[in-house]
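Input: a single structure, listed below in structure tokens.
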């Protein structure tokens with residue numbers, strides 16, 4: 001197995017990841033049912049992001065957080081969503097590549113997932129706390145705030161909490177479809 005060394009490798013990784021993510025029982029609905037992701041537009045942009053991060057290509061010129069903030073306004077994102085994204089990304093990297101750049105792809109994804117999750121959690125807590133004072137929403141429980149990339153089925157279900165209610169085709173299994 002080779003390391004990530006080219007734009008084609010980044011494109012292969014991104015495509016393989018999204019093939020899995022779009023059909024994932026835990027987070028797939030976020031891409032398909034909520035964001036209505038246009039892959040023809042999205043894949044080249046995300047490939048440029050990873051080319052910039054991993055190969056120094058400087059081909060990406062956008063803010064990566066804003067789309068997640070817009071998505072969070074539609075469906076509250078939880079740590080479990082980011083844990084699942086990270087697990088899928090790491091597993092996809094490990095299936096396709098091996099080497100120092102592949103390790104950086106996993107390390108950078110870990111930093112992004114944790115940073116985005118913390119920022120969105122703070123936003124949700126402020127929003128949920130303010131809504132709780134008016135009696136409209138319940139704040140995030142401490143069990144939903146715990147985080148582990150290797151979450152068990154029960155802890156991931158707790159992390160996702162009410163986010164998956166009403167979307168029965170998405171099971172909170174950390175291992176994805178079997």
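Details
- Qualifying residue in the stretch 5-15 (condition: within 17 Å of the chain's Cα centre (by Cα) and surrounded by fewer than 16 Cβ atoms within 10 Å (Cβ to Cβ)): yes
- Taken over the stretch 17-33, the residue count meeting the criterion of being in a helix (DSSP H, G or I) and buried (at least 16 other Cβ atoms within 10 Å of the Cβ) is 8.
- Residues in the stretch 108-149 that are farther than 17 Å from residue 81 by Cα and at pLDDT below 80: 12 in all.
- For residue 88, the stated conditions do not hold, so it cannot be described as outside any helix (DSSP H, G or I) and under 18 Å from residue 116 (Cβ atoms).
- Enumeration of residues in the stretch 34-57 that are part of a loop (DSSP other than H, G, I, E, B) and touching a helix residue (DSSP H, G or I) at 6+ places or on another chain (Cβ under 7 Å): 35, 37, 57
- Test: residue in the stretch 43-61 that is surrounded by 15 or more Cβ atoms within 10 Å (Cβ to Cβ) and more than 17 Å from residue 105 (Cα to Cα): no
- Among residues that are free of Cβ contacts under 8 Å to residues at least 60 places away in the same chain and more than 15 Å from the chain's Cα centre (by Cα), residue 32 is not included.
- Matching entry among 11, 105 (being assigned to a helix (DSSP H, G or I), at pLDDT 95 or above and more than 28 Å from residue 123 (Cβ to Cβ)): 11
Yes/no matrix, rows are residues, columns are (1) surrounded by fewer than 21 Cβ atoms within 10 Å (Cβ to Cβ); (2) in contact (Cβ under 8 Å) with a residue 40 or more places away in the chain; (3) more than 16 Å from residue 11 (Cα to Cα):
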residue	(1), (2), (3)
89	no, yes, no
101	yes, yes, no
105	no, yes, no
111	yes, no, yes
114	yes, no, yes
118	yes, no, yes
124	yes, yes, yes
127	yes, no, yes
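- Residue within the stretch 69-78 that is part of a helix (DSSP H, G or I) and either in contact (Cβ under 8 Å) with a residue 60 or more places away in the chain or under 14 Å from residue 46 (Cβ atoms) (or both) present: no
- Only listed residue being touching a helix residue (DSSP H, G or I) at 6+ places or on another chain (Cβ under 7 Å) and over 26 Å from residue 32 (Cβ atoms), chosen from 113, 102, 83: 102
- Residue that is within 20 Å of residue 16 (Cα to Cα) and more than 13 Å from the chain's Cα centre (by Cα), where the choices are 83, 73, 107, 66: 107
The values are calculated or read from the model by the stated rules, or taken from the named source; none is laboratory data. Note that the structure is predicted; figures quoted are calculated from it, not measured. Neighbour counts are summed over all protein chains in view; Cβ atoms, including those assigned to glycine, are modelled from backbone coordinates with ideal geometry.
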